[in-house]
Amino acid sequence: MTDMVIELDAQGGRHLYEQIYDYVRQEIREGRLSCGERLPSTRSLAEFLQVSRSTVDLAYEQLLSEGYIEARPYKGFFVCRIEGLYDLQRVQEEQKERTEYERPHFRFDFSPNVIEPEGFPLGVWKRIVRETLIDENRELYTRGNPQGDIGLREAICHYLHTSRGVNCLPEQIVLGAGNDYLLLLLEKILGGGRIVALENPTYKRAWQIFGTFAWERVSVPLDESGMRPDKLRESGADLAYVMPSHQFPTGVIMPIGRRMELLRWALEKEGRYLIEDDYDSEFRYRGRPIPSLQASDAAGRVIYIGTFSKALSPAIRISYMVLPGELLAGYRERCGFFSSTVSRVDQAVLNVLIRDGAFERHLNKMRKIYKSRHDCLLECCKRYLKNIRISGENAGLHLILHYHGEKTEEELLRQAADKEVRIYGMSETYIGRLPENWQPALILGYAGLDEDELRAGVRLLSDCI
């Protein structure tokens, strides 16, 4: 072939060989240099571009190593056969353009799954990290206990007892990088062939996770007190996944009478357990904190699961599971050889954070912030939105708006998106058919928006609702 016209920029900050490599590579990827076509020799290209031969050598060596060109003895360099590369690149670019075009831009996102990003106690966390690393505790860099470090488990044990009424010993606690991992462990502990019941509507992620197990899933309807025990019995389940302190998405708080009914169900047959996900339990804005279901369990039938993701940050992947004593042997036999999935440095930092009271002070601060946003959203919804009824307030990090107008849920979401406001339909949290006489309902989270953003977002929603 003839010499290649490559515009080199000697002042651009990038090596000349990289510029030659990029040019030839792009010509091949876009099909302008075809398979089998001969490239100029390194000597002739160097003379043509007025660069050293070693510069061209480096560029060709990189192209050779990546398989774009091949060297044939005594003949020179030739373009390799790379079938479909041009078409693949074109398809990828078209998909990227289409995705970027179709992706809506939201000024206000009322997601129930985010928290205040500026709320993380960064200064305290950095200080404890620095002190932890300066301590030069070599033990910190070993594998550690599969259940998690004993110091942190003791701190969590004390915290859960004082804040949630949970009765447990440190040896009953298993730490993991998120609730998803702990549920995977739970399948190994309990074995296959189980039938697990979930509330309907429910936390869809849990439904999806259980769907990967060798378990059968069934849905059980809710009433104003939570999961219905009569329907639970009819389902044939031997496990029930419940969120008694603040059910997602409805916000129902399970009263003590219903809790006792579920515990009675668990005691009726050997091997039955309640899996308590203590969702959003830290954030309650009226009255005393609601004790956990596990606090009322005297027979060891509740498996308690909690996380620090909402209280601190989703990036702090530390969750915990409290196993009944009779399941500990199964855990050690089937899962005791798994290494802990939580960084020991993060465990050490969180231990100090809880032990020294900094975690409780952080929670108190965030409760004030979220209560202020909760009250602001509640007041704005009542002032600006018509045809709605609000439920699920006074706890957690979201509200439910029950709509009584003439629009469908899909229309409400689409019209809100046209105004660059993202809201969430409650129909997405149902398993199977929607209830009879279904009325659209919207989930509005408020933790990730400040009060000015909440007011502006609700005003825009008022044109839709």
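The values are calculated or read from the model by the stated rules, or taken from the named source; none is laboratory data. Just so it is clear, the structure is predicted and the values come from calculations on it, not from any experiment. With ideal geometry, Cβ positions are generated from the backbone for all residues, glycine too; neighbour counts draw on all protein chains shown.
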Worksheet item: Which condition breaks for G432 when tested against (1) of a type outside the set (V, I, T); (2) closer than 28 Å to L222 by Cα; (3) within 27 Å of the chain's Cα centre (by Cα); (4) not in a loop (DSSP other than H, G, I, E, B)?
Response: (4)
Worksheet item: Looking only at region 36-51, which residues are under 12 Å from V5 (Cα atoms) and either crowded, with 16+ Cβ neighbours inside 10 Å or within 49 Å of the chain's Cα centre (by Cα) (or both)?
Response: P40, L45, A46, L49
Worksheet, complete the sentence: Counting only strands (runs of 3 or more DSSP E) entirely within region 190-252, those with at least 1 residues that are farther than 15 Å from I431 by Cβ and among the hydrophobic types (A, V, I, L, M, F, W, C) are 239-242
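Is there a residue being under 49 Å from the mean Cα position of the chain (by Cα), on the phi > 0 side of the Ramachandran plot and either modelled with pLDDT of 90 or more or surrounded by 14 or more Cβ atoms within 10 Å (Cβ to Cβ) (or both) anywhere in region 52-62?
No, because not a single residue in region 52-62 is under 49 Å from the mean Cα position of the chain (by Cα), on the phi > 0 side of the Ramachandran plot and either modelled with pLDDT of 90 or more or surrounded by 14 or more Cβ atoms within 10 Å (Cβ to Cβ) (or both).
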Response to the item:
Filtering region 157-214 for residues that are farther than 22 Å from C335 by Cβ, under 20 Å from the mean Cα position of the chain (by Cα) and surrounded by fewer than 17 Cβ atoms within 10 Å (Cβ to Cβ) leaves a count of 1
Worksheet item: Is at least one residue of region 444-452 in contact (Cβ under 8 Å) with a residue 24 or more places away in the chain and more than 30 Å from L312 (Cα to Cα)?
Response: no
Worksheet item: If you go through region 336-383, how many residues are among the hydrophobic types (A, V, I, L, M, F, W, C), within 24 Å of the chain's Cα centre (by Cα) and under 25 Å from Q147 (Cα atoms)?
Response: 9
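Of the residues G84, G76, G67, which single one is at positive phi and either at pLDDT 90 or above or of a type in the set (A, V, I, L, M, F, W, C) (or both)?
G76
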Discussion item. Checking the structure you have, find out if any residue of region 18-35 is more than 16 Å from V79 (Cβ to Cβ) and exposed (fewer than 15 other Cβ atoms within 10 Å of the Cβ).
Written reply: yes
Practice prompt. Among the numbered conditions (1) surrounded by fewer than 14 Cβ atoms within 10 Å (Cβ to Cβ); (2) within 20 Å of D278 (Cα to Cα); (3) in contact (Cβ under 8 Å) with a residue 24 or more places away in the chain, tell me where R367 comes up short.
Written response: (1)
Worksheet entry | Selection from region 316-337 of residues that are in contact (Cβ under 8 Å) with a residue 60 or more places away in the chain and within 30 Å of M366 (Cα to Cα) | R317, I318, S319, Y320, M321, V322, L323
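Table: residues versus (1) within 24 Å of the chain's Cα centre (by Cα); (2) surrounded by fewer than 22 Cβ atoms within 10 Å (Cβ to Cβ); (3) not polar (S, T, N, Q).
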site	(1), (2), (3)
E224	no, yes, yes
V242	yes, no, yes
S245	yes, no, no
I290	no, yes, yes
S296	no, yes, no
A299	no, yes, yes
V302	no, no, yes
L312	yes, yes, yes
Worksheet item: Taking region 168-180, which residues are at pLDDT 95 or above and part of a helix (DSSP H, G or I)?
Response: P170, E171, Q172
Worksheet item: Can you tell me which of P244, P249 is farther than 15 Å from I290 by Cβ and touching a helix residue (DSSP H, G or I) at 6+ places or on another chain (Cβ under 8 Å)?
Response: P249
